[in-house]
Amino acid sequence: MNIKYMFCLVYFVCYGIRLIASSHCETIKIEICKGIGYNETLMPNLVGHEMQSDVDLTLQTFSPLISYGCSAQLNFFLCSAYLPMCTIKVNSVIGPCRSLCEAVRARCHPVLSSFGFSWPNSLDCNRFPRDNMEGSMCMEGPGETSTISEVPNKVQPLQSSCKYLYKAHLYVRLIRNNRCTPLCEAEILFDTHEKHIAWLWIGSWSIAAILISIIALLCLILSDSKRDKNLLPLVVSHCLIGVSWIIRILAGRNNTSCGYDMQFPGISLLLSDGLSTSPCSCTFLLRYYFGMSALIWITILCFRWNLNLRCYVKETQNSELVHNTFLQICAYGIPAIQTIISLVIRLVDADELLGTCYVGNQSDRALLSLIAIPMLIFWTIGCGYLLSGYLTLKSYSNLKLPAHLNGMGAFLLLYNTLTALVLLSLFYIFGNRENWINLIDNINQNQQLKAPLWLHISHPFLELLAGVLSSAWAIGPKLRFGFCQATKTKQQIYKTPASVQCQHNPFHSASYQTICPPNSVVSNSSIISMNLVTKSSFVRKNHSYHINPHSHGRRSRGSYRTPSIQSANLTANETIL
């Protein structure tokens, strides 16, 4: 009797364990895997995914291969591998058999190889059971219903959704952002020679810009002038922009602009939506943040120039210090907000031509909203201040500005002219990029519109040129002052002294001194008028001062009598005691 109860207890325990195990099974929610013979799975799966949403993202990458129809068992094999069957009758999940995997790989791997893709490591056939046995159960699949005699040499691209693009075979579509991304070494708009020429040009200017900006930065830091301190933030911004290009030189092209995606393992892609590498992150953050900061600082300098001009014209006190805190918040806060937006929306992408990470290299929306429009706003405000100051100056026709106001106005006008050229190039690229990248109907691909090389390097080149201009403007007054000082010193050394009249004070703290060098003449009236004669001083050569013998101690100025003769002269041998 006791043995019977024990068997019943063991049965209920086993049944409870199966119920607990079955409670972990979850219904299949992915459309492509519904109706394949079972409807429940267990996560994590055989590949390591923990959620069905991750599985759905992975299975979508195989949709072009499924549409191509390389194997009738491909759909079932993928679902059984990524969503294995879960049932209360078996304690473990049931995946595909090795024979099923090898049959699918034999038919589909040649298709993948024709496009340069390898068989995924997660679907390695050696990781699946060889046969369906009691200890290791697996599914053999429904069997082939169609055969493909051979894989054609030229098949439709797996990136069928990118077929509207020029040279679509050099793109892959990423499911996670639904964007067509070019391969790392793809020559879509520019060939290798054009890329080499563009990088030599920009690389040379970047080295020149960083060197001159470092010199200007040291000059401004050591200077005590307030005008130099106003120019310091602008030079610092351009110096850090130059640092971003130096990082690009040291890291190299592929290490900066290329990376890998989980969807296509082993294939190097041009970065399109994030900061996958450290050089890419550094170049983007330094160039974009401080580039926008430099534009705001130019706008602030235009405002300060306008304010100083009005204060000079109206002869009022400058109230510039009242706005300093607010202006600094704008100069550092607005670019920070723009940078955060770029990172959150994942609009950081790499440039095919120069191999740098920035905003708007592959996205027209990012080019317009995060570069062109903010730059246009800052440029318009700065030019408005310059125009207002010019109109104020025109109302005073005979007014001549000080050298520092006149020079700063010329510098700001030249800088804003460079910014205007950058804006023209950006809006031209925005309006014509689709014609360069997308296929145009009814024409041959060999006649596709060519993107101009000079236009795509105009933005970085003018950006570096503006930095060189700012640094040169900061160094220029220092060099001019040093040259003038050297010239003046040289003239003083080689100048022959002539007969110069004695014009310095004839009286000294010493009690005895010769008044003038030989042959010099000075009027006695000019000596007496200084009222510096002490109570015991007198002049030789028959002209003496009368001293009151009854006066003691401190005497008033009236107690000293001046001689009646005002024209007494002193020669070279006459001294004052």
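Here are a few things to note about the model shown:
- Placing unit charges on each Cβ (+1 for Lys and Arg, -1 for Asp and Glu) gives the range 327-428 a dipole about its Cα centre, and among Phe427, Ser369, Ser395 the Cα reaching farthest toward its positive end belongs to Ser395.
- Whole-percent carbon and sulfur share, accessible surface of the range 52-135, 1.4 Å: 48 percent
- Charge-dipole axis of the range 236-372 as Lys and Arg at +1 and Asp and Glu at -1 on Cβ define it, positive-most pick from Phe290, Asn306, Thr356: Asn306
- Sequence ranges 297-305, 276-284, ranked by mean other-Cβ count within 10 angstrom, highest first: 297-305, 276-284
- Charging the Cβ of each Asp and Glu at -1 and of each Lys and Arg at +1, and nothing else, the dipole of the range 330-405 about its Cα centre rounds to 460 debye.
- When the GluC sites (Glu not before Pro) in the range 31-99 are filtered for DSSP coil states and for at most 16 other beta-carbon atoms within 10 Å of their beta-carbon, the remaining sites are Glu50.
- If the segment from Ala403 to Lys229 were pulled out straight at 0.36 nm per residue, it would be longer than the present Cα-Cα gap by 60.9 nm.
- Per residue convex hull volume, Cα atoms of the range 288-375, in Å³: 93 Å³
- Links that overshoot a 26 Å alpha carbon limit, given the list Lys229/Lys394; Lys226/Lys400; Lys226/Lys314; Lys195/Lys450; Lys163/Lys450: Lys229/Lys394
- If only the Cβ of Lys and Arg carry +1 and only the Cβ of Asp and Glu carry -1, the dipole of the range 275-393 around its Cα centre is close to 260 debye.
- Amide H partners (placed H, <5 Å) of Ile267, local residues excluded: Asp261
- Of the GluC sites (Glu not before Pro) in the range 86-141, those whose Cβ has at most 16 other Cβ within 10 Å and which sit in DSSP loop: Glu134, Glu140
The values are calculated or read from the model by the stated rules, or taken from the named source; none is laboratory data. All values reported here derive from a predicted model rather than from experimental measurement. We place every Cβ from the backbone using ideal geometry, glycine too, and count neighbours over all the protein chains shown. Heads up: the accessible areas ignore ligands, DNA and RNA and are worked out on the full protein's heavy atoms, side chains in. Shrake-Rupley method; radii C 1.70, N 1.55, O 1.52, S 1.80 Å.
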